[in-house]
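J.: I have a structure here, written as structure tokens, and I will follow up with some questions on it.
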Amino acid sequence: MATIRDVARISGYSISTISRAINQSGYVSKAAQLKINQVIHDLDYVPNAIARDLSTGKTHKIGVILPHIRDPYFSKILNGIMDAAFAADYSLILLPSEYDEALEMHYLEQLKRKEYDGLIITSHGIPLERLEKYNQYGPIVCCEDTGDTQLSSVFSDRESAYTAAFKWLKQKRIERIALLFSRRAGVSATSSITLKTFAQVYGRLPPDNFMITGISTPAAGYLAAEKLVKNTTDLQYIFGNGDDIISGVRQYYVDQQLPVPGLIGQGHQISGVASAIPTIDPHFYEIGGQALQLVLESGNTIRKIKMHSDFIINNKIDLTSNTFIN
């Protein structure tokens, strides 16, 4: 197998010149570049990827910390990240965490050792203040509002969409609304915003038995519906944390031959369109793509990008173009 020394010997140029020509990391004359390229082709020389990374200081890999992909929130963001990474000729390293703080710390230490060029954190168990300390070792972008911390972020302004949804319900004289969450408000920004906007619109919080956490799959939605039927009365609406989850809720009522309460989902998924369920569209795919671009562009600059979200009452799909219509 040919080595860089073989290329140097045959071409007549130094190893440092050949390295610059391969990595395009410095001046190389046109004549030298053409000669080196020809020798590389003739020898079928393949540069050592590790050595190349060491010389350029880049791995062309981005780490993506995500708790799981059971919730469509994460799969949609991941799709956006993947498409943007492909276009930028970057590879992704998926770092599943299940909100395990020790595992998340391990991933941060890998960033410190330069095992990837940056991190995208879709959600986390570690406090933002601890994440902030690792920003010096490479760009970190969070998919949530990072407030006053020195952490770049891309996030959806879901508060405005939630406010619109709750005002719509209040105008319909809907008062008894159950809320489904993935995690409790103390550790989830999404749950906190949901409760905050509910309280702003209604002047109170729902009763404890109208709030259920730990819901991240359609099957969990099905069980949540069973629990609500047993523990609540006069329930009018269920505000879920995903269209697929709400489809599980609806299925319980259908299976039990019970009247289905009003339903609102999130994510603007095909399951919500099929059932004509109002939904919140936070534009997760776009957030993922923007997060990848922010990692590549950020350098030492901290940027925070707020993206809009929509409350969609009439879910429809354009069958001629396979696209959703708001």
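The values are calculated or read from the model by the stated rules, or taken from the named source; none is laboratory data. Predicted model only: the values in this text are computed from it and were never measured. Cβ coordinates were reconstructed from backbone atoms using ideal geometry, including for glycine residues, and neighbour counts include every protein chain displayed. Heavy atoms of the whole protein, side chains included, go into the accessibility calculation; ligands, DNA and RNA do not. Shrake-Rupley method; radii C 1.70, N 1.55, O 1.52, S 1.80 Å.
J.: Do we have any residue at all in the stretch 165-175 that's modelled with pLDDT under 90 and either open to solvent by 20 Å² or more (accessible area, probe 1.4 Å) or among the hydrophobic types (A, V, I, L, M, F, W, C) (or both)?
T.: No.
J.: Looking at the structure I just gave you, is ILE18 part of a helix (DSSP H, G or I) and open to solvent by less than 40 Å² (accessible area, probe 1.4 Å)?
T.: The answer is yes for ILE18.
J.: Could I ask something else about it? I'd like the full set of residues that are open to solvent by 50 Å² or more (accessible area, probe 1.4 Å), aliphatic (A, V, I, L, M) and part of a helix (DSSP H, G or I), limited to the stretch 83-94.
T.: ALA87 - this is the single residue of the stretch 83-94 that is open to solvent by 50 Å² or more (accessible area, probe 1.4 Å), aliphatic (A, V, I, L, M) and part of a helix (DSSP H, G or I).
J.: Examine the stretch 61-70 for a residue that is open to solvent by 50 Å² or more (accessible area, probe 1.4 Å), within 24 Å of GLY118 (Cβ to Cβ) and at pLDDT below 80, and state whether such a residue exists.
T.: Among the residues of the stretch 61-70, not one is open to solvent by 50 Å² or more (accessible area, probe 1.4 Å), within 24 Å of GLY118 (Cβ to Cβ) and at pLDDT below 80, which makes the answer no.
J.: Output the helices (runs of 4 or more DSSP H) that fall wholly within the stretch 218-276 and possess 3 or more residues being within 20 Å of LEU169 (Cβ to Cβ), or say none.
T.: Ranges flagged: 218-231, 243-255.
J.: Next up: For PRO206, only one of the following conditions fails: (1) open to solvent by 60 Å² or more (accessible area, probe 1.4 Å); (2) more than 25 Å from the chain's Cα centre (by Cα). What is its number?
T.: (1)
J.: A further question follows. What about SER97, is it open to solvent by less than 40 Å² (accessible area, probe 1.4 Å), out of contact with any helix residue (DSSP H, G or I) (no Cβ under 6 Å at 6 or more places or on another chain), under 25 Å from LEU296 (Cβ atoms) and of a type in the set (Gly, Ala, Ser)?
T.: no
J.: Given (1) in contact with a Gly (Cβ under 8 Å, 6 or more places away or on another chain); (2) outside any loop (DSSP other than H, G, I, E, B); (3) among the basic types (Lys, Arg), where does LYS114 come up short, assuming only one miss?
T.: (2)
J.: Is there any pair linking a residue in the stretch 255-277 that is touching a residue at least 60 places away in the same chain (Cβ under 8 Å) and β-branched (Val, Ile, Thr) to one that is open to solvent by less than 20 Å² (accessible area, probe 1.4 Å) and in a helix (DSSP H, G or I), with Cβ under 7 Å and at least six apart or on different chains, and which?
T.: ILE264/ALA165
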